[in-house]
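S.K.: Questions regarding the structure given below will be posed in turn.
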Amino acid sequence: MASILPGFEYDIFISYRHNDNRSGWVTDFVNALQEELAATIKEPLTIYFDKNPHDGLLETHNVDKSLEAKLKSLIFIPILSQTYCDEKSFAWQHEFCAFNKLAREDEFGRDIKLTNGNITSRILLIKIHDLDAEDKSTIEKEIGGALRAIEFIYKEPGVNRPLKLTDNKTDNQNKTDYRNQVNKAANAVKGIISALKNPQPAQPTAENSLDPMTKTAFSKKKILIAIVLVLLIAAAYFTFQKLGTSNTQPETRQPLDKSIAVLPFVDMSPNHDQEYFGDGVAEEIITALSRIKGLKVIGRTSSFQFKGEKIDLRDVGERLNVSNVLEGSIMKSGNKIRVTAQLINVSDGAHIWSERFDSETEDIFAINDRISRAIADKMKISLLGNQHRSERKPTLSTAAFENYLRGNQILRPGWGKEARPFFEKAIQLDSTYADAYAGLADSYFLGWEGSQSEIFDRMQSLAMKALALDPESRRAHSILYTIYIFYKWDWKKADDEYQKCLSINPLPLFLHALNKAVIMGDTKGSIEEFEQIREVDPIKPDVLRIFGHVYALDKQYPKAKELINKAIEVDSTFDLPYRNLALVNILAGEYDLALTNLAKFDRLS
């Protein structure tokens, strides 16, 4: 039985490595998918699934012509495992890469527009293992974009295996249910089939815009179609203008909710060695947006929890409690950089705004500023009062900026010494770079070496230098707050620095919220401040565990356990939440549970 569309051999091609079906997992998945498709799509679909592939035997041979014919399918479903992404394997070379090339060149193209206006790929990725960074990079390089897959993964500490029908989702850290994931796959297939049967006008994709070498060869027929589409779009534009509406954003659409999460920008550079730069671009945009009054911006730690994962934007919106997401990519080669960014409404996946920026690397701050202004404009938020700040360039040295980003990327407790050389190099390249001085001060606090007086005196000197260069450095003011609280015990100066932090960004400082409970004994006031912090960093493990600690001090033990357990759910390898949980158990008189959680802490620490 042929495909439902003429000219194609099959509707779906299933690709996998033979080792991944030794347990019968792939066979069971295909059977489950067929059953779900039968209940989802009216017309029967044909699936090519070779139950006895000669995996690896043809790697030195020419591609079998019969396989080429079978690859002429509407949808390609690869089962991504820890063994699939082997560039020497038959499945990768002659199925995945071959289909990717064929689909780009056929009448539909690989990336198609769905009936709801969103763009999707005819390569429907199914992932059964968490992948190594190298494998993930291999896939993203081939598809020219971020890896987005429907996941069939069972996770618990030390476990990374395919999800089974019999697995209980409450035991799975990913909280995914096998039947629901099969249903997602079937619905994705339905959406692609509907779009192929009723083609929508094509739009440029992020992948095409990122690949500077891609050139599409148009046939005369395609050129004529393109001309007709242009004329239709132009006619629609002037019609909407006369009616007082926009062709890209109808006025009937609900106003945008003023909340946003900025996801880490995907590194699309040829050598995939610019991840730190993509992270830095996203973080700079977060910082700029955080200064806009009336806009809720999710903090870096919570937004970056989704880094390297297949993400459903609706899930991102739900977990972070935002209505909009900014995602993008960077491609850097030499001093040339290309940044693409798109603002998406998570409720319906609609693209509110997207743009591509090509420039010299030294113009990255101008690009960040343009992105921030575009978002503010779309959300109808005024940038007045922040204009002088956004126009200021932190540094004129691209090399200094890159070293600062590298230092920030690895800076965390215990890693201050490793991050320090990058901040020092940034200062060497630009002695007026305020952010680098603040970063260097943090590196001493997070990489303790020397006496307390030496560390804090050095931090204070660096923070004061940063503020002399940039009086609005919240990071530097927060460092001084830390020094006055922990070292000098000067409450008046500490409060002065705290008020300066609030004048730059009204979000309470983490340490201030903690000090209210621990030092001042004001647990109610601490809870109020932590509520504000959690609003913009809802899945940061440290926020969750310390907030739970404060609830324990307020004798609200169920709430304390709930928050600390959420921290463990976010990162099961993090040891400190178990110590906090043990403290809650002790305060609540649950001594056996306290011993159990202390044992878990010892095992992980």
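S.K.: Hey, can you grab everything whose amide H is under 5 Å from the amide H of ILE119? Only 5+ residues off in sequence or another chain; H modelled, so Pro and N-termini drop out.
M.R.: Distant-sequence amide H within range of ILE119: LEU114.
S.K.: Distance in nm between label sites at LYS555 and THR432, each 7 Å beyond Cα in the beta-carbon direction?
M.R.: 5.9
S.K.: What full-extension length gain, to one decimal in nm, is calculated for PHE486 and ASP592 as 0.36 nm per residue of separation minus the Cα-Cα distance?
M.R.: Numbers: separation 106, 0.36 × 106 = 38.16 nm, distance 3.43 nm.
Fully extending the segment from PHE486 to ASP592 adds 34.7 nm.
S.K.: Another question, if that's okay. Using the Karplus curve 6.51 cos²θ - 1.76 cosθ + 1.60 with θ = phi - 60°, what ³J(HN,Hα) values do you get for each residue of the range 550-563, in whole Hz, with x for Gly and Pro?
M.R.: Each residue's phi maps through the Karplus curve to give 5, 4, 5, 5, 8, 6, 9, 5, x, 5, 4, 5, 4, 5 Hz.
S.K.: Amide H of ARG161 versus every other amide H placed in the peptide plane: which residues, excluding those fewer than 5 positions away on the same chain, fall under 5 Å?
M.R.: Answer set, sorted by chain and number: TYR154.
S.K.: Another question, if that's okay. What percent do you get for the relative contact order of the range 423-537 when only Cα pairs under 8 Å and 6+ apart count?
M.R.: Values: 124 pairs, mean separation 19.2, N = 115.
It comes to 17 percent, rounded to a whole number.
S.K.: Quick one: Karplus J couplings for the range 39-48, per residue in order, coefficients 6.51, -1.76, 1.60, θ = phi - 60°, nearest Hz, x for Gly and Pro?
M.R.: 8, 10, 10, 5, 8, x, 10, 9, 10, 8
S.K.: If you count, for each residue, the other Cβ atoms within 10 Å and average over each peptide, how do 433-444, 86-97 line up from highest to lowest? It would help to have the intermediate numbers written out before the result.
M.R.: Details: 433-444: 26.1, 86-97: 18.2.
Packing order, densest peptide first, comes out as 433-444, 86-97.
S.K.: Let me ask something else. For a protection proxy built on the mean count of beta-carbon atoms within 10 angstrom, sort 75-81, 575-581, 463-469, 342-348 highest first, please.
M.R.: Working: 75-81: 24.7, 575-581: 22.1, 463-469: 19.9, 342-348: 18.1.
The densest-packed peptide leads the list: 75-81, 575-581, 463-469, 342-348.
S.K.: Quick check: pseudo-label points 7 Å beyond the Cα along Cα→Cβ at GLU472 and LYS175, how many nm apart are they?
M.R.: Here the answer is 3.8 nm between the modelled labels.
S.K.: Then there's this: What is the gain in length, in nm to one decimal, between HIS351 and ASP495 on full extension, counting 0.36 nm per residue of separation less the C-alpha to C-alpha distance?
M.R.: Numbers: separation 144, 0.36 × 144 = 51.84 nm, distance 4.33 nm.
Gain on stretching HIS351 to ASP495: 47.5 nm.
S.K.: Another question about this same structure. Per-residue HN-Hα couplings for the range 501-511, Karplus 6.51 cos²θ - 1.76 cosθ + 1.60 at θ = phi - 60°, whole Hz, x for Gly and Pro?
M.R.: These are the phi-based 3J(HN,Hα) values: 4, 5, 5, 7, 8, x, 5, x, 6, 4, 5 Hz.
S.K.: Arranged from highest to lowest average of other beta-carbon atoms within 10 Å per residue, in what order do the peptides 130-142, 38-50 appear? Working shown, then result.
M.R.: Values: 130-142: 16.8, 38-50: 14.5.
In decreasing order of mean packing, 130-142, 38-50 become 130-142, 38-50.
S.K.: While we're here: Check cross-link reach from LYS540 to the aspartates and glutamates: straight Cα distance under 12 Å, and skip same-chain residues fewer than eight apart.
M.R.: Of all the aspartates and glutamates, those that pass the test against LYS540 - Cα under 12 Å, at least 8 places apart if same chain - are GLU569, ASP571.
S.K.: For TRP353, list long-range residues whose amide hydrogen, built 1.01 Å from N in the peptide plane, is under 5 Å from its own amide hydrogen.
M.R.: LEU343
S.K.: Under a crude label model (7 Å from the Cα following the beta-carbon direction), how far is THR573 from LYS88 in nanometres?
M.R.: 2.8
S.K.: Greater than 28 Å separation of Cα atoms is the criterion. Which listed pairs, LYS113/LYS296; LYS136/LYS164; LYS127/LYS566; LYS293/LYS393; LYS42/LYS175, meet it?
M.R.: Working: LYS113/LYS296 31 Å; LYS136/LYS164 23 Å; LYS127/LYS566 25 Å; LYS293/LYS393 21 Å; LYS42/LYS175 30 Å.
Cα-Cα > 28 Å for LYS113/LYS296; LYS42/LYS175; rest within.
Read-outs: derived from the displayed coordinates by stated rules, not from any lab. Model, not experiment: these values are computed from the prediction. With ideal geometry, Cβ positions are generated from the backbone for all residues, glycine too; neighbour counts draw on all protein chains shown.
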